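Notes to accompany the following structure.
The values are calculated or read from the model by the stated rules, or taken from the named source; none is laboratory data. Owing to the predicted nature of the structure, the values given are computational and were not obtained by experimental measurement. All Cβ positions, even for glycine, are placed from backbone atoms using ideal geometry, and neighbour counts span all protein chains on display.
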Amino acid sequence: MAEPSFNEQFDWHSAWRREMRLRLKVLGDWLREQQLLDDGGEERLQRLTDQLRSDKVMVAFVAEFSRGKSELINAVFFAGYGRRIMPASAGRTTMCPTELGYEAALPPCLRLLPIETRLQPQTLLEWRLVPEKWMRLDLDVNDPDQLANAMQKVSEVMHVTQDEARALGFWHDDRPWDNPPVNAGGAVEVPRWRHALINMAHPLLRQGLVVLDTPGLNAIGAEPELTVNLIPQAQAVVFILGADTGVTKSDLAIWREHLATMEGSAGSRFVVLNKIDTLWDELSSPEQIDRQIARQCADTAQTLSLEAKQVLALSAQKGLLAKVRGDTALLAESQLPRFEQLLGRQVLGARQAMLAGAIGATVARVQTEAERTLGARRREVAEQVLELESLRGKNHQVVRQMRLRVEREKAEFDRSAASVLAVRSVHVKLLRELFMLLGSASIKRELLGLSTTLREPGVKFGVRKAYARGFDNLRGVVREVQRLEREIHTMLASSFRQINTDFGFALQVAEPPTMDRFESDLDAVERSHLQYLGVGNLVQLARPEFADRLVRALLARVRSIFETALGEIELWNKSVSSQLDTQMRERRRAYGRRIDAIQRIQDAASGLERRIAEIAEQEGALDAAEQRLRMLSRDLRHDASAAVPEALPESVSA
Ligand SMILES: Nc1nc2c(ncn2[C@@H]2O[C@H](COP(=O)(O)OP(=O)(O)O)[C@@H](O)[C@H]2O)c(=O)[nH]1
Ligand SMILES: [Mg+2]
């Protein structure tokens with residue numbers, strides 16, 4: 001059976017995400033209609049829906065120049081245009097990192113960040129928020145020629161003096177062999193642009209795929225943020241070698257800098273031996289050629305310490321050509337489909353499993369809260385039935401007394417709501433402490449030693465030690481956060497126990513979010529920095545602007561990790577406090593209903609037996625709601641996980 005291509009798998013994945021969003025909406029609407037969704041639940045469902053809508057999957061293509069990154073991107077994603085879209089020709093064509101993606105708020109366009117911005121301290125992440133600094137070129141997606149023409153911009157270069165090239169990070173006196181070409185007048189050729197963002201409504205990009213095309217070693221080496229932030233966060237990194245060149249020294253440098261650190265990270269890496277068509281040779285038999293390709297894969301694998309089967313051999317160019325011409329025999333020979341299938345299975349399979357897990361967890365939480373509310377309602381109804389039954393055969397006087405009693409109880413309940421406020425103020429105080437710990441001032445403080453070491457003028461010693469200390473501090477913060485979480489949990493658990501006893505509530509504090517994931521995220525950041533500096537970039541640290549960029553990239557990444565942690569903690573707290581709100585509200589309503597029922601009986605507007613029957617009917621409605629809730633939630637959880645392939649096939653080299 002033919003396996004689906006990456007595009008087909010992506011379509012399927014998108015359809016699944018759409019369906020899950022729709023199902024969540026049905027669940028949310030029903031819960032809302034039943035008044036079973038508190039603020040915490042609302043937020044949980046909203047976050048999950050946003051995640052299902054806008055979750056991005058980044059595939060980064062990383063290799064030395066001329067290995068065929070852009071050609072492979074053309075072959076996999078853009079063959080439908082019937083021509084090359086990303087410039088791919090001999091020599092250095094992609095001069096700046098280029099991200100292809102889709103943002104609905106923008107027209108189809110190419111945005112380019114001038115290289116001069118490197119002389120300023122802002123991170124790429126920060127520049128993204130300043131649209132006016134980018135040159136924008138609108139694209140006509142229905143005109144492949146105009147599109148391809150516009151893309152040529154990523155190849156633009158300019159000439160600067162040696163000093164300027166040095167300041168921009170392209171000239172290294174200690175590594176002359178790596179320096180860019182110099183023209184007859186002594187001017188150095190450098191990229192015109194620092195980063196390119198392409199926005200187009202290509203079907204895959206619309207569904208959340210982001211493709212990152214990178215230039216060769218030289219151009220990426222000068223952009224620490226790319227190495228330590230962007231690439232490590234990609235869901236997949238494709239490393240490409242040329243069958244015509246084998247593994248060269250600079251290929252190895254890139255492998256070490258960008259891919260070796262991916263071991264144990266969530267993303268997958270793929271190793272592609274491209275241009276196998278250069279080995280196709282009319283004078284050799286197909287078997288001989290196959291053997292030669294297999295040998296090349298084995299050699300490559302050995303050099304990179306991988307197994308031979310972890311290297312995929314293919315021809316991007318013939319794959320593109322075959323797709324454009326509709327030549328199925330050539331397409332099969334190019335081996336491109338095998339790569340596409342693997343990419344789809346690995347990247348989308350892992351993504352879907354992650355989303356299915358999130359759906360399961362959220363639905364389970366929302367269900368628990370709704371069941372708790374239903375339970376509270378059930379108890380109130382049962383009590384009210386008992387109360388009214390006790391009025392059977394009693395006179396007006398007794399009815400009046402009961403009414404007075406209920407009103408007194410209600411007044412007392414309203415007064416004691418003050419004790420709930422007290423709990424809330426302690427809670428807020430502890431939370432504030434926790435938020436401070438995860439704020440930017442705290443990050444800066446904990447990393448002060450490290451950033452000072454990195455920013456010291458001249459050659460730095462003890463960088464590793466400074467990293468170890470800085471990250472130990474951060475891990476200490478995470479542990480302190482964990483301790484505070486426990487403290488909040490203990491405080492709330494004991495307050496809730498008291499409130500439960502006082503009011504007959506059934507409050508329960510959920511476990512706080514675990515910080516393990518954030519600790520391992522920090523470990524990964526530390527590893528990527530050390531790896532990056534270890535492969536020859538340490539000397540670059542001597543330049544203050546480079547060191548500064550590295551520090552800023554580091555702070556930005558740690559901030560984003562801490563912000564995610566904060567978001568989870570906020571959600572946890574919101575759920576806990578809205579639980580309390582919900583039970584208070586349900587109780588107030590019950591008082592209202594009780595007083596109302598007695599009032600009607602007093603007014604003789606309806607007979608006692610009729611009231612009792614009416615209220616007893618509500619029990620039936622609650623049972624029905626509970627059943628419906630169970631069914632909706634069970635089906636959703638089942639369908640979310642059933643769609644995930646049983647066992648993910650083993651990765652190329654995860
Ligand atoms: N023979 C052959 N040439 C290829 C193949 N893939 C790319 N090329 C050529 O290699 C050169 C560099 O490709 P390009 O995609 O620009 O490389 P990049 O710098 O890694 O993006 C171009 O001339 C491509 O046409 C391939 O599979 N076979
Ligand atoms: Mg390229």
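Sort out which residues of region 88-104 are of a type in the set (A, V, I, L, M, F, W, C), within 12 Å of ligand 2 (Cβ to nearest atom) and under 28 Å from the mean Cα position of the chain (by Cα), and write them in order of number.
If the condition is that a residue be of a type in the set (A, V, I, L, M, F, W, C), within 12 Å of ligand 2 (Cβ to nearest atom) and under 28 Å from the mean Cα position of the chain (by Cα), then Met95, Cys96 are the ones that fit.
Quickly run through region 61-83 and pick out the residues that are near ligand 1 (Cβ under 6 Å from one of its atoms) and in a loop (DSSP other than H, G, I, E, B).
Ala63, Phe65, Ser66, Arg67, Gly68
Filter region 40-67 down to the residues that are buried (at least 20 other Cβ atoms within 10 Å of the Cβ), more than 12 Å from ligand 2 (Cβ to nearest atom) and over 27 Å from Trp12 (Cβ atoms) and list them by number.
Matches in region 40-67: Gly40, Gly41.
Take region 9-52 and flag every residue that is modelled with pLDDT under 90 and not acidic (Asp, Glu).
Residues satisfying the conditions are Gln9, Phe10, Trp12, His13, Ser14, Ala15.
Using the structure shown, decide if Gln152 is of a type in the set (S, T, N, Q), more than 20 Å from Asn537 (Cβ to Cβ) and surrounded by 13 or more Cβ atoms within 10 Å (Cβ to Cβ).
Considered against the rule, which asks whether it is of a type in the set (S, T, N, Q), more than 20 Å from Asn537 (Cβ to Cβ) and surrounded by 13 or more Cβ atoms within 10 Å (Cβ to Cβ), Gln152 comes out as no.
Taking region 84-121 as the region of interest, how many residues are within 16 Å of ligand 1 (Cβ to nearest atom) and part of a loop (DSSP other than H, G, I, E, B)?
Result for region 84-121: 14.
Matching residues to (1) touching a residue at least 60 places away in the same chain (Cβ under 8 Å); (2) more than 15 Å from ligand 1 (Cβ to nearest atom); (3) within 26 Å of Val525 (Cα to Cα); (4) not assigned by TED's automatic domain parsing to the domain that holds Asp523:
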residue: Ile240; (1), (2), (3), (4): yes, no, yes, yes
residue: Ala243; (1), (2), (3), (4): yes, no, no, yes
residue: Gly246; (1), (2), (3), (4): no, no, no, yes
residue: Glu257; (1), (2), (3), (4): yes, yes, yes, yes
residue: Lys275; (1), (2), (3), (4): yes, no, no, yes
residue: Asp281; (1), (2), (3), (4): no, no, no, yes
residue: Ala294; (1), (2), (3), (4): no, yes, no, yes
residue: Gln302; (1), (2), (3), (4): no, yes, no, yes
residue: Ala308; (1), (2), (3), (4): no, yes, no, yes
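Looking only at region 547-594, which residues are touching a Pro at 6+ places or on another chain (Cβ under 7 Å) and within 30 Å of Arg166 (Cβ to Cβ)?
Across region 547-594, the qualifying residues are Asp548, Arg549, Leu550, Arg552, Ala553.
Pick out, from region 222-336, the strands (runs of 3 or more DSSP E) lying fully within it that include 3 or more residues that are within 30 Å of Pro144 (Cβ to Cβ) and within 16 Å of ligand 2 (Cβ to nearest atom).
Where strands (runs of 3 or more DSSP E) fall fully within region 222-336 and carry at least 3 residues being within 30 Å of Pro144 (Cβ to Cβ) and within 16 Å of ligand 2 (Cβ to nearest atom), they are 236-242.
I'm trying to understand the selection: among the residues of region 507-518, which are buried (at least 19 other Cβ atoms within 10 Å of the Cβ) and assigned to a helix (DSSP H, G or I)?
Of everything in region 507-518, just one residue is buried (at least 19 other Cβ atoms within 10 Å of the Cβ) and assigned to a helix (DSSP H, G or I), namely Phe518.
What residue, among those in region 68-87 that are more than 8 Å from ligand 2 (Cβ to nearest atom) and over 29 Å from the mean Cα position of the chain (by Cα), is surrounded by the most Cβ atoms within 10 Å (Cβ to Cβ)?
Residue satisfying both the conditions and the ranking: Arg84.
Quick one: count up the residues across region 161-178 that are of a type in the set (Gly, Ala, Ser) and over 37 Å from the mean Cα position of the chain (by Cα).
0
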